[in-house]
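> This is the structure I want to talk about, given as structure tokens.
The values are calculated or read from the model by the stated rules, or taken from the named source; none is laboratory data. Nothing here was measured: the structure is a model prediction, and the numbers come from that model. Cβ placement follows ideal geometry from the backbone for every residue including glycine, while neighbour counts extend to all protein chains displayed.
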Amino acid sequence: MQFEVGGPLTWEDAAEPVAAGEVIVEIAATAVNRADLMQRAGRYPSPAGESNVLGLECSGTIVKLGDDVEGLAVGGRVCALLAGGGYAERVAVPVTQLLPVPDAVSLEAAAALPEAVCTVWSALRDAPEPGAGGLALVHGGSGGIGTMAIQLLRARGYRVAVTASARSHELCRSLGAEFTIDYRDEDFVDAVLAATDGVGAEYILDVIGADYLSRNVDALALDGTLTVIAVQGGTTADVDLRRLMQRRVTLRAMTLRARPRVGGRGSKEAVISQVRDHVWALIAAGSVRPVIGATLPFAEVERAHELMGSEQAPGGKILLVH
């Protein structure tokens, strides 16, 4: 599926090359991410050397093996983390970016897992272990990232608070959020301090960026950690370094898509390996699950994008299925 910036999405025929160390996956489903809308608007180009086709994740069935591929077979059910290419019928995927679909998860639902799980794991991997009754705050708690973050933070032992619209509070609570904050009508700093007897959150996962930076620091406990993974509220903010020093704040920022395929600790290969070792058993057991807000056929991709960009966006992931 191709596009001109600002224009419609259209289907085009393409070759199916498969390199050594890759497989061809026949796609059952992909998930819509905000990055897709940003790329389509010309504000988030694909990394150099990667597909310009939209789609950061998919699920499907292996239909062809490249050279040097071992331990996988045609017909295997997999899901994949992509730098692009999910809005298609088939995609070539490095084997280092594949995960097996657990028996307890449907092939279509598995498309909601790779980007959310890998992003949240990367954000939480170095987060401190919670103290007794330690609270974590998740901004955007009802989105694809937020719904996964609630579950993985709970599995880590944190109590969880979220900011989300009031209509999504029930969903967030069903996933384990103890405190739900309506970001339209409540001050999340006051709510977090009230929930912690003035101590603050030990960990904050933020998707807003500049607009929330100062208030996030106000909501943190001493020695707290703030991880920024998106900038929906802007990229530039004034930082009072003295205040960060006084509160002993650890400020982290990260992105997933631009990481190299292979290499060191920060590569996609490393992230997938860590997810397989530390998270996949939770998904196989059903204690962490994909949250699907809507499922639409690929023919309704324009509607899916409109839904993602609207205030009526459902909680969890929006899937496109063949």
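> Which ones in segment 261-270 are loosely packed, with under 15 Cβ neighbours inside 10 Å and either in contact with a Gly (Cβ under 8 Å, 6 or more places away or on another chain) or over 17 Å from THR119 (Cβ atoms) (or both)?
VAL262, GLY263, GLY264 - these are the residues of segment 261-270 that are loosely packed, with under 15 Cβ neighbours inside 10 Å and either in contact with a Gly (Cβ under 8 Å, 6 or more places away or on another chain) or over 17 Å from THR119 (Cβ atoms) (or both).
> Among SER46, SER51, SER59, SER106, which is farther than 20 Å from ARG261 by Cα, among the polar types (S, T, N, Q) and assigned by TED's automatic domain parsing to the domain that holds SER310? Spell out how you get there, then give the answer.
On the way: SER46 fails: farther than 20 Å from ARG261 by Cα; SER51 fails: farther than 20 Å from ARG261 by Cα; SER59 fails: farther than 20 Å from ARG261 by Cα.
Answer to the check: SER106.
> Is there a residue in segment 194-202 that is over 25 Å from ALA294 (Cα atoms) and β-branched (Val, Ile, Thr)?
Step one: of segment 194-202, the residues over 25 Å from ALA294 (Cα atoms) are 194-202.
So of that shortlist, the ones also β-branched (Val, Ile, Thr) come out as 196, 199.
Yes - at least one qualifying residue is present in segment 194-202.
> Yes or no: GLU302 of a type in the set (D, E, K, R), touching a residue at least 24 places away in the same chain (Cβ under 8 Å) and not in a loop (DSSP other than H, G, I, E, B)? It would help to see each step written out before you state the result.
Details: of a type in the set (D, E, K, R): yes; touching a residue at least 24 places away in the same chain (Cβ under 8 Å): yes; not in a loop (DSSP other than H, G, I, E, B): yes.
Criteria met by GLU302.
> Would you check if LEU107 is at pLDDT 95 or above, of a type outside the set (D, E, K, R) and over 18 Å from the mean Cα position of the chain (by Cα)?
On the way: at pLDDT 95 or above: yes; of a type outside the set (D, E, K, R): yes; over 18 Å from the mean Cα position of the chain (by Cα): yes.
When the stated conditions are applied, LEU107 passes them.
> Here is a follow-up. Identify, please: which residue in segment 126-144 is under 22 Å from GLY200 (Cβ atoms) and within 14 Å of the chain's Cα centre (by Cα) and is, among those, surrounded by the most Cβ atoms within 10 Å (Cβ to Cβ)? Break it down into steps so the answer makes sense when it comes.
Our first condition is that a residue be under 22 Å from GLY200 (Cβ atoms); within segment 126-144, this holds for 126-141.
Right, trim to within 14 Å of the chain's Cα centre (by Cα) and you get 138-141.
Details: VAL138: 29, HIS139: 28, GLY140: 24, GLY141: 31.
In this case the residue turns out to be GLY141.
> With the condition kept exactly as written, say whether any residue in segment 53-68 is among the charged types (D, E, K, R) and under 21 Å from VAL271 (Cβ atoms).
Yes: segment 53-68 contains one or more residues that are among the charged types (D, E, K, R) and under 21 Å from VAL271 (Cβ atoms).
> Name every residue in segment 1-47 that is small (Gly, Ala, Ser) and assigned to a loop (DSSP other than H, G, I, E, B), in order of residue number.
Step one: filter segment 1-47 for residues small (Gly, Ala, Ser), giving 6-7, 14-15, 19-21, 28-29, 31, 35, 41-42, 46.
Hits for segment 1-47 are GLY6, GLY7, ALA14, ALA15, ALA19, ALA20, GLY21, ALA41, GLY42, SER46.
> Being surrounded by 12 or more Cβ atoms within 10 Å (Cβ to Cβ) and more than 15 Å from VAL217 (Cα to Cα) is the filter here, so list the residues in segment 228-251 that pass it.
ILE229, ALA230, VAL231, GLN232, GLY233, GLY234 - these are the residues of segment 228-251 that are surrounded by 12 or more Cβ atoms within 10 Å (Cβ to Cβ) and more than 15 Å from VAL217 (Cα to Cα).
> OK, next. State yes or no: is SER165 buried (at least 24 other Cβ atoms within 10 Å of the Cβ), within 28 Å of GLU311 (Cβ to Cβ) and among the hydroxyl-bearing types (Ser, Thr, Tyr)?
Considered against the rule, which asks whether it is buried (at least 24 other Cβ atoms within 10 Å of the Cβ), within 28 Å of GLU311 (Cβ to Cβ) and among the hydroxyl-bearing types (Ser, Thr, Tyr), SER165 comes out as no.
> Scan segment 45-55 and give yes if some residue there is of a type outside the set (Ser, Thr, Tyr), touching an Asp or Glu at 6+ places or on another chain (Cβ under 8 Å) and either exposed (fewer than 15 other Cβ atoms within 10 Å of the Cβ) or on the phi > 0 side of the Ramachandran plot (or both), otherwise no. Walk me through how you get there before you give the answer.
So in segment 45-55, the residues of a type outside the set (Ser, Thr, Tyr) come out as 45, 47-50, 52-55.
Next, from what is left, pick out any that are touching an Asp or Glu at 6+ places or on another chain (Cβ under 8 Å): 54-55.
Subsequent filtering for residues that are either exposed (fewer than 15 other Cβ atoms within 10 Å of the Cβ) or on the phi > 0 side of the Ramachandran plot (or both) retains 55.
Yes, the conditions are met somewhere in segment 45-55.
> Taking the conditions exactly as written (acidic (Asp, Glu), more than 23 Å from the chain's Cα centre (by Cα), at negative phi and not in a strand (DSSP E or B)), does ASP67 satisfy them or not?
On the way: acidic (Asp, Glu): yes; more than 23 Å from the chain's Cα centre (by Cα): yes; at negative phi: yes; not in a strand (DSSP E or B): yes.
Judged against the criteria, ASP67 is a match.
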